[in-house]
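The values are calculated or read from the model by the stated rules, or taken from the named source; none is laboratory data. Everything quoted here is computed from the prediction, not taken from an experiment. FYI the Cβ positions are ideal-geometry reconstructions off the backbone, even for glycines, and counts take in every protein chain you see. Keep in mind that these areas ignore ligands, DNA and RNA; they rest on the heavy atoms of the full protein, side chains included. Shrake-Rupley method; radii C 1.70, N 1.55, O 1.52, S 1.80 Å.
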Amino acid sequence: MSEQVAETSDVVLRLSGVVKTFPGVRALDGVELEVRAGEVHCLLGQNGAGKSTLIKVLAGVHRPDAGRVEWLGEEVSFSGPQAAMKAGIATIYQELDLVDYLTVAENIYLGHEPRSFGFVHKGQAARQTGELLGRLGHGEIPPQRLVKSLPAAGKQIVSMARALSHSAKLIIMDEPSAVLAHDEVGNLFRIIRELTAQGIAVVYISHRLEEIREIGDRVTVLKDGRTSAVNLPARSTPTRDLVSRMTGRSIEYVFPERPNTAPGERLLEVRGLGRSGEFTHVDLDVHAGEIVGIAGLVGSGRSEVLETIFGARQAEAGTVVMNGKALPPGNVAAAVRAGIGMAPEERKSQALLLGEPIYRNMTLTTFPGYATAGFTDAGKEQAEAMRVADQLELRPRDVRRAVRTLSGGNQQKVVVGRWLLGDTRLLILDEPTRGVDVGARAELYQVIRDLAASGVGVLLVSSEVPEVLGLSDRVLVMREGRVVRSAPATELNEEDVLDLVMAGSLTAATTEEVAA
Amino acid sequence: AGALLTACTSNEAEPNAAQTKGADTSNPNAAAGKAVTIGFSAPAADHGWIAAITNNAKAQAGAYSDVTFKQVEAGKDAAAQRAALETLIAEKPDVIVLLPHDGKELNAFGLKAMEAGIPVVNLDRAFPDALAYRLQIKGDNYGMGVAAGHYIGKALKAKGVAAPVIGEIAGMDELELTQERSAGFKAALATYGFSVTNRRAARFTADSGQKEGQNLLQALPKIDAIWNHDDDQGIGVLAAISAANRSEFFMVGGAGSKKAIEDIAADNTVLKATVTYSPSMASSAISLARLIGQGKGMSDLVELQVPKEIILASETITKENASTYLKLGF
Amino acid sequence: MKDGVALNAAGPRWWKNESAEGLWRNLGLVGVLLALFAIGAVIRPDLYGNIDWVTNNMMVILTQAAAIGVVTVGMTFVIIGGGIDLSVGALIALSGVWATTVATQSFGPAGMIFTAIAVGVGAGLVNGLLIAYGRLVPFIATLAMLVAARGLAAAISGKQTQVSNDQFINSLAKERVLGVPLLVIILLVVAGLGWVLLNRTTFGRRTIAIGGNAEAARLAGINVRGHTMLLYALSGLCCGIAAIMLTSLATSSQAAAAELYELDAIAAAIIGGTLLSGGRGTIVGSLFGVIVFSAITNLFAIANLPTEVQNMVKGAIIVVAVLIQQVRFSSVTQFARRHGLSRPKAGTPQQT
Amino acid sequence: MKDGVALNAAGPRWWKNESAEGLWRNLGLVGVLLALFAIGAVIRPDLYGNIDWVTNNMMVILTQAAAIGVVTVGMTFVIIGGGIDLSVGALIALSGVWATTVATQSFGPAGMIFTAIAVGVGAGLVNGLLIAYGRLVPFIATLAMLVAARGLAAAISGKQTQVSNDQFINSLAKERVLGVPLLVIILLVVAGLGWVLLNRTTFGRRTIAIGGNAEAARLAGINVRGHTMLLYALSGLCCGIAAIMLTSLATSSQAAAAELYELDAIAAAIIGGTLLSGGRGTIVGSLFGVIVFSAITNLFAIANLPTEVQNMVKGAIIVVAVLIQQVRFSSVTQFARRHGLSRPKAGTPQQT
Ligand SMILES: Nc1ncnc2c1ncn2[C@@H]1O[C@H](COP(=O)(O)OP(=O)(O)OP(=O)(O)O)[C@@H](O)[C@H]1O
Ligand SMILES: Nc1ncnc2c1ncn2[C@@H]1O[C@H](COP(=O)(O)OP(=O)(O)OP(=O)(O)O)[C@@H](O)[C@H]1O
Ligand SMILES: [Mg+2]
Ligand SMILES: [Mg+2]
């Protein structure tokens, strides 16, 4: 795509002055957007800037309160998701909205099943699903398997296949890469390129600037529900510019400096930990003041290791010793008592009480601490939650709001913020920055580093290799349920880690790459 | 009256004329006297017998020009009935006629009303406390079981069956009246040296009767006699019997519904007899309540006041006397 | 569909802070109560014109709400905690029957009360054990308990209604304190304690957390199983208390007592705003729910409707009552918003 | 960033094995049935030694499962779709009573069947309307319907048991086809159609979607409300069919018929593996659930247990049956895992 203004006939979608108000929040406040056929149009903005709301307006989920939506040259007002889909707009939503007890194929064709007289053509659906998944580089996911049995990344791929299953002219992707590991993102980009080559437009949302640089053509930046910049060239606009248009400040995407003090005494000692079929012989130590990162592919068993250490899964082999005391396997309460905290991977299902206020979510582990003789102290809880909200730049800052009304990234901050309260000695973080915007991400890095500096041990998993390398003191690399390398972060670089992570699957992948 | 008519009668909601007593000019008590307000309460009718009780009471009251009939609906359980009665007391009727969900549970209410100076006529389900009622008129549940037991015992002895297989299909087992019926049945059978081989409890409904009947037939491949406590649920029991093509035994019913009496008269089913427990007692209760309200006695008796306790005899209806009872069937 | 959240996802209620919604909901129920009162006044002006009668009638309504109200408090906790207790009616019967056996009665009122409560709590613990540690779904476990407890109660009572001869127990239902029946006071005390427990203690917070998202609660270090067990024990405790209240009212107990109380209690809790899927609910709402049901029955008695008509009308009233709550809520909110009474429209995301 | 690096078949697998769970669960129920049979054989060797009797007894068990089984098929759809239908027993009574009024009977069997089905579907549609468009929670809406329908049935029947004179209707229950009672065949046909509907049609798949994730279903463009309404109509349809079956069995109907069928149907569905929170369930499992309940009652009759003992034992059997399903499942899985046949389940508590 050229970066100068092309003929208007190219424009498939044009939004002007779109407003969407939720009680108490004007989520969109006069948004302008112009998307052309065959381009990847990136939406940037801080958590809560209104990106998801905007795409929900496009997808017919929300009706705008004001403004004009032009689709293929005509003003439209979609009556519902069905109408938008019919018009040729397909969407991958930020929150994974799949049905657990339907198969992969059924999820992909939900609502537009290949059918006659109401009977589903299972074979046809399966075949087409196989083709779609194959296009996505995941022909190995069986179409007849229940979605419930897939990990988060697998579900994301199904969501993508679902969007592809509509013969759409515009595909909207709301943070599709948030749950994807590095190699998967490459895959995603290959698909996006295929799509755009066919003249299909893509609206792409991500908080990872380097992705936008790689795949994007033009960028529209949202700030507080308003368009703060339109149609910037994705490749050439300086990061500093983008960030300042998003945040009004200039924050660099940098990691806090590692202190050169030696880590303290050993906090966590894991020996020979194993669960059959998931991981085996995991040994690891975390010292006070140390940040240990685990890198690996999706499905390499990282989350399982974290959950087993925490007692959320029952260890079948090995020991977990915290502060010199062995923890009983499969007992979260004991782990928490021993001073371990964990921010789990899936915020919606594993971490949040969506209907409850923010502060109660933040104090979910600590509320007994603020209580006197079993009586809770709401004032104190709110004050403490407020402190963390400030620290993490939670928006909106009103801690009495229901968590459900927060944007995805802000929900993630609540999950992490929970463990900043109370006296956690070892913090386990599974994908802590999933969906968190650039500015807040820097804050979060700083918070994690500060925690370590105060003597807390941190054990973190992230699918972003630079994050693991940049933030950790020591890095473990996992592959297929085993730790294949453990080294100080300074001794590893991105290439090394990727090599380690993917050894064994590289050959096959390369063949495929050639084929594609 | 063929089979067709038989069925239709059961679908009528109107009370049977024979179950009430019209103005009898030869009886001085029938003459209009002091106006009496009678409060009435019976459990919500979800089954034929209770429905007949309420209908009879209403119809009997309607036959007297001097009676004001105030019915309060008693809902689904004792608590609901207590609640309804509270509002009735507030209206200060002259007499209360009450068929309680449970005599013991409503004993306290009886006491309260009597203390408040309102005579209480207990219909069918006795209060344990003698101070809680002015008059008790009730059927004889134990006697019903006894009657059924004797009918079956005699018939089997006559046939010369030595160790008979006897089935019993009871009504709702949590009701005390069911226990009394079964106790009477057991005692009467014992006098012949017989006992119940299998006892199932249904729920006074035809569908539950069918189910328990079917199960009973299944458990007992050969049967000599069955006593089914209630003719309403008996419709279902008979259906089960006919579906299973079983006829090696005879059955005795209970209560005395019109359909049962007709079946007995027609003699084309295994139902050979039924032992009565007539809802006509409700009509009598209203008549007596009126007399109590007017301070009169029963004209055939020497006593100047209505006696304190009347127990209806449980009669046995067979093919022979069915025609006389037909008009009493409900 | 279950709780309407999904459908309303885009609706204005989404953001709404829970307490305000609970308030409107309760106001809706108060409206229903007033409407019932008004209907009564139209039907029977003679009675409703008499202030003594009206006061007394209110006490009658509350007295009749007392036992089921106590049960509903326990039920509310169980439902908020993500469960359900179908056995409450049966446990009342079992506790009541056990407390009125000749043997128990020989220990006097303290013995009877102790027995009723111990039986209730014990059976509740069994429920809790089956659910928390046996991993049975609450519906099935408590249904099994319902059936078994009714059977046990029948066995203990020999299917006879057992009369209470204890003057103290029997007098409870007659006692009044400052004109308020003792049973009503017991209900208010239980509800008050329940309110404090739910809203002001860590126990309540855990209950809400477990019902809202059991996995999140577990990962936050809450002992989900132990707590779940306590919830059913609490419900059993309420059944024990209710059993004494019912025994006192009826001066007797029997195996068939408190029939279908489970449905009434669940319905009252839901009408009061408790989410059947767990995680949300209020004691005050449940209390109003129970009182509405009691007032409906009372009005029926006063209007002297035939039972079948009662039932038809009752079905309709339930529907209308719930619809009123909803209409009131959303329209009033809109009204308030239009007149700037509620949270202001913000041009930018809220910065409180 | 590198392009197109994919996980391939040689890499880690992406899924856990869960699909076998339904199978194990049903096997568990078959185990329970066998156990019940074995108990019967021990108690009454005379009967169980007779092959004719045994065959016939199986038919009796199935016949008694027929009406409730049909209802359970409808209930399974409703529950999978995220709802619940408490009104089924009442709708059976209402449909049955309406179909057996003197007036309806005068139209002959076709009129009766049509009436029963129309009444069932109509009432089901009212349920659906209240829930889908009136936004009432299913529990409350169908509870209101329960109360109202029983009232209406009582009004229509004049609280009398209505005898069916229609020879055709009455003969349905006696008819056998190749030795199998017609009612059992009806059950099998309904269950078969239900299975096809659930597993092979868009209607069924969308039902699962709505119950599993209503928001996802909405985003996929499914008309959640319309579909929800159809689900309750379907349940009503099943009630209408069941009403005819019960009327035929009892050669009569009445307002109090089909007492507590709602609890039995829900329990059967859950025991059969349907998730009470929606989104999962099987028709075959529900069928097994119904048959287990029916077999229990049958065994009680054969063993001649007193009612109170029956109840206690029934409670225990339900608990044991569910536990057996679980034990079987996890221990077999463990066995398989130890021998490298399958993958372990996650440590998170199992939801039944
Ligand atoms: N249904 C809703 N009700 C009330 N407020 C809402 C609702 N949906 C979104 N909001 C609010 O609208 C604002 C924009 O949210 P949105 O989800 O669009 O943000 P976003 O840009 O996608 O953020 P993120 O990067 O964190 O996903 C936020 O302040 C959010 O709290
Ligand atoms: N060796 C294996 N064989 C089969 N399945 C596996 C294996 N290892 C992991 N899985 C499955 O793959 C899924 C993903 O595993 P896991 O969540 O541990 O990945 P992860 O490394 O944490 O990735 P992510 O960062 O996306 O969470 C899990 O459902 C797990 O059961
Ligand atoms: Mg978003
Ligand atoms: Mg993971």
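Ordered from longest to shortest, the equivalent ellipsoid semi-axes for region A:235-369 are 32, 21, 18 Å, each the square root of 5 times a Cα gyration tensor eigenvalue. At 222 nm, what value in deg cm²/dmol follows for chain C if DSSP H runs of at least 4 each add -39500 (n - 2.57) and the sum is divided by all its residues, to the nearest 500? That calculation yields -23500 deg cm²/dmol at 222 nm.
Could you work out the relative contact order of region C:14-338? I mean the mean sequence separation of Cα pairs under 8 Å and 6+ apart, divided by the number of residues, in percent. Averaging sequence separation for qualifying contacts and normalising by length gives 35 percent for region C:14-338.
Here the simple spin-label model places points 7 Å from the Cα toward Cβ, and for A:Ala262 and D:Val189 these points are separated by 8.5 nm.
Protection proxy ranking of A:192-203, C:238-249, C:95-106, by the mean of other Cβ atoms within 10 Å over each peptide's residues and highest first, is C:238-249, C:95-106, A:192-203. The simple Förster model, with R0 at 25 Å and r as the Cβ-Cβ distance, assigns A:Arg193 and A:Glu140 a FRET efficiency of 0.70. Mean partner shielding of peptide D:274-286, defined as the number of other chain Cβ atoms within 10 Å of each residue Cβ, is 3.
One Cα centroid belongs to region B:275-300, the other to region A:128-203; the line between them spans 85 Å. The A and D chains share an interface that buries close to 4800 Å² of accessible area, total over both sides, probe 1.4 Å.
Excluding ligands, DNA and RNA, the accessible surface per residue across region C:19-157 is 33 Å² with a 1.4 Å probe. log₁₀ I(q)/I(0) of region A:96-166 at q = 0.11, 0.16 Å⁻¹, via Debye over equal Cα point scatterers, no solvent, to two decimals? Log10 I(q)/I(0), no solvent term: -0.21, -0.45.
Using only protein heavy atoms and a 1.4 angstrom probe, determine the accessible area buried between B and C, summed over both sides, in Å² to the nearest 100. Chains B and C together bury roughly 2100 Å² of accessible area.
Mind checking which of D:Val322, D:Val119, D:Val313 has the largest fluctuation in a GNM of chain D, springs on alpha carbons under 10 Å? Maximum fluctuation in the GNM of chain D, among the listed residues, is at D:Val313. Neighbouring Cβ atoms from other chains, within 10 Å of the Cβ of residues in A:306-317, number 2 on average.
What's the carbon and sulfur percent of region A:384-512's accessible surface, probe 1.4 angstrom, rounded to a whole number? Present the calculation step by step, with values, prior to reporting the outcome.
On the way: 1810 of 3930 Å².
Its accessible area is 46 percent carbon and sulfur atoms.
Interface residues of region B:146-188, defined as those with an accessible-area decrease of at least 20 Å² between the chain by itself and the complete set of protein chains (probe 1.4 Å), are B:Asp173, B:Glu174, B:Glu176, B:Gln179. Among DSSP beta bridges lying fully in chain A, give the percent that are antiparallel, nearest 5. The antiparallel fraction comes to roughly 55 percent. Dividing the mean sequence gap of close Cα pairs (under 8 Å, 6+ apart) by how many residues region A:96-166 holds gives a relative contact order of 47 percent.
Inter-copy label distances for C:Val177: 6.8 nm (label point placed 7 Å from Cα along Cα→Cβ; shortest first). The other copies place their D:Arg200 label points at 6.3 nm from this one, listed shortest first, where each point is 7 Å from Cα along Cα→Cβ. Enumerate the residues in region B:98-120 having an amide nitrogen under 16 Å from the point lying 7 Å beyond the Cα of B:Ala35 toward its Cβ. Under cut-off, by backbone N: nothing.
In nanometres and ascending order, the distances from the C:Phe37 label point to those of the other copies are 6.5 (point 7 Å from Cα along Cα→Cβ).
Accessible-area loss of 20 Å² or more (1.4 Å probe, protein heavy atoms, chain alone versus all protein chains) is found in region A:337-355 for A:Ser349, A:Gln350, A:Leu353, A:Gly355. Within straight-line reach of A:Lys325, meaning a Cα separation under 15 Å, sit the following aspartates and glutamates at least 8 residues removed in sequence or on another chain: A:Glu265, A:Glu269, A:Asp285.
Prolate is the label for chain B, because the ratio a/c of its alpha-carbon gyration tensor axes (a ≥ b ≥ c) is 1.5 or higher and a/b is greater than b/c.
When the solvent-accessible area of region C:14-338 is split by element, carbon and sulfur atoms take up 71 percent of it, the probe being 1.4 Å. A Förster radius of 25 Å combined with the Cβ-Cβ distance from B:Val302 to B:Glu115 puts the calculated FRET efficiency at roughly 0.25. Each label point was placed 7 Å from the Cα along the Cα-to-Cβ direction; for A:Glu495 and C:Leu23 their separation is 6.5 nm.
Per-residue accessible area (protein heavy atoms, 1.4 Å probe) orders A:Glu316, B:Glu176, B:Glu115 as B:Glu115, A:Glu316, B:Glu176, starting from the largest.
Solvent-accessible area per residue in chain A equals 34 Å², computed with a 1.4 angstrom probe and all protein chains kept. Centroid-to-centroid, using Cα positions, region B:95-142 and region D:21-83 are 46 Å apart.
For the pair C:Glu175 and C:Val196, label points projected 7 Å from Cα toward Cβ lie 2.0 nm apart.
Kirkwood hydrodynamic radius computed over the protein assembly as shown comes to 35.4 Å, based on all pairs of distinct alpha carbons. Per-residue shielding of B:238-250, expressed as the average number of other chain Cβ atoms within 10 Å of the residue Cβ, stands at 3. Expressed as a whole percent, the proportion of Cα-Cα pairs in region D:14-338 lying more than 35 Å apart is 23%. Each Cα pair under 8 Å and six or more residues apart adds its separation to the average, and for chain A the resulting relative contact order is 15 percent.
Report the calculated FRET efficiency for B:Glu320 and D:Ala35 (r = Cβ-Cβ distance, R0 = 35 Å), to the nearest 0.05. Efficiency computed from Cβ-Cβ geometry: 0.10. Chains D and C together bury roughly 4300 Å² of accessible surface, counting both sides and using a 1.4 Å probe on protein heavy atoms.
Between A:Thr239 and A:Arg404, the contour length at 0.36 nm per residue exceeds the Cα-Cα span by 56.2 nm.
Listed by chain and number, the aspartates and glutamates whose C-alpha is less than 12 Å from the C-alpha of B:Lys58, apart from same-chain residues fewer than 8 away, are B:Glu14.
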